[in-house]
Amino acid sequence: MRSAGALVLVSVCALTAYYIYSPVPDNIEQRWKLMITDCFFRSLSHLADFTELLGLAEYMDVMMFITLLENVVPLSDERVKVVEERFDGVEVVVYEPRKDRGTGKMRRAVIYLHGGGWCLGSS
């Protein structure tokens, strides 16, 4: 009985390691973090396939579940004021330094346009 339990434990550990491991180039600094992230997305994709096969939900509905986890609320601190605003109907997050470094003139800005919304069927 004890040897059967040990065999099952070793088998489960080996199969888990096989599922998680994926070849990653040597010059990647956080290889295991990348492997775990890839494993998560593959598992989500398998779950989406399975739920669509059972007729419970469509593939993209399950894949869009990940967007619920991406909602991070920006926080201000003593150096940066963070404000969520809407410019011409587009939701934006504005980061402003608390200490005014200029003389009231216009300051430079960095505008970041996030791409890749097409990856999960949303933009």
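Of the residues that make up the stretch 71-80, is at least one surrounded by 10 or more Cβ atoms within 10 Å (Cβ to Cβ) and basic (Lys, Arg)?
Narrowing the stretch 71-80 to residues surrounded by 10 or more Cβ atoms within 10 Å (Cβ to Cβ): 74, 76, 80.
Within this subset, residues satisfying the condition of being basic (Lys, Arg) are none.
No, that holds for no residue.
Please pick out the residue among Ser45, Ser11, Ser3 that is in contact with a helix residue (DSSP H, G or I) (Cβ under 9 Å, 6 or more places away or on another chain) and part of a helix (DSSP H, G or I). Give the derivation first.
On the way: Ser11 fails: in contact with a helix residue (DSSP H, G or I) (Cβ under 9 Å, 6 or more places away or on another chain); Ser3 fails: in contact with a helix residue (DSSP H, G or I) (Cβ under 9 Å, 6 or more places away or on another chain).
Residue meeting the stated conditions: Ser45.
Search the stretch 1-24 for residues that are without any contact (Cβ under 8 Å) to a residue 24 or more places away in the chain and pair each with any residue that is assigned to a loop (DSSP other than H, G, I, E, B) and surrounded by 10 or more Cβ atoms within 10 Å (Cβ to Cβ) when their beta-carbon atoms are under 9 Å apart and the residues are at least 6 apart or on different chains.
Between residues of the stretch 1-24 that are without any contact (Cβ under 8 Å) to a residue 24 or more places away in the chain and residues that are assigned to a loop (DSSP other than H, G, I, E, B) and surrounded by 10 or more Cβ atoms within 10 Å (Cβ to Cβ), there is no close pair.
Return a yes/no flag: does the stretch 84-103 have any residue that is of a type in the set (D, E, K, R), at pLDDT 85 or above, touching an Asp or Glu at 6+ places or on another chain (Cβ under 6 Å) and not in a helix (DSSP H, G or I).
no
Within the stretch 57-79, is even one residue in contact with a Ser or Thr (Cβ under 7 Å, 6 or more places away or on another chain), assigned to a loop (DSSP other than H, G, I, E, B) and closer than 29 Å to Tyr18 by Cα?
Looking for residues that are in contact with a Ser or Thr (Cβ under 7 Å, 6 or more places away or on another chain), assigned to a loop (DSSP other than H, G, I, E, B) and closer than 29 Å to Tyr18 by Cα, one finds at least one in the stretch 57-79, hence yes.
Of the residues that make up the stretch 46-65, is at least one within 22 Å of the chain's Cα centre (by Cα), at pLDDT below 85, surrounded by fewer than 13 Cβ atoms within 10 Å (Cβ to Cβ) and within 18 Å of His114 (Cα to Cα)?
We begin by selecting, within the stretch 46-65, every residue within 22 Å of the chain's Cα centre (by Cα); these are 46-51, 57-65.
Okay, now just the ones that are also at pLDDT below 85, so 63-65.
Checking which are surrounded by fewer than 13 Cβ atoms within 10 Å (Cβ to Cβ) leaves us with none.
No.
Just to be sure before I move on: is Tyr18 surrounded by fewer than 10 Cβ atoms within 10 Å (Cβ to Cβ) and of a type in the set (Ser, Thr, Tyr) in the structure I sent? Talk me through it step by step, then tell me what you get.
Working: surrounded by fewer than 10 Cβ atoms within 10 Å (Cβ to Cβ): yes; of a type in the set (Ser, Thr, Tyr): yes.
In short, yes.
The values are calculated or read from the model by the stated rules, or taken from the named source; none is laboratory data. Given the structure is predicted, the values throughout are model-derived calculations rather than measurements. When we count neighbours, we look across all protein chains shown, and the Cβ atoms used for this are built from the backbone with ideal geometry, even at glycine.
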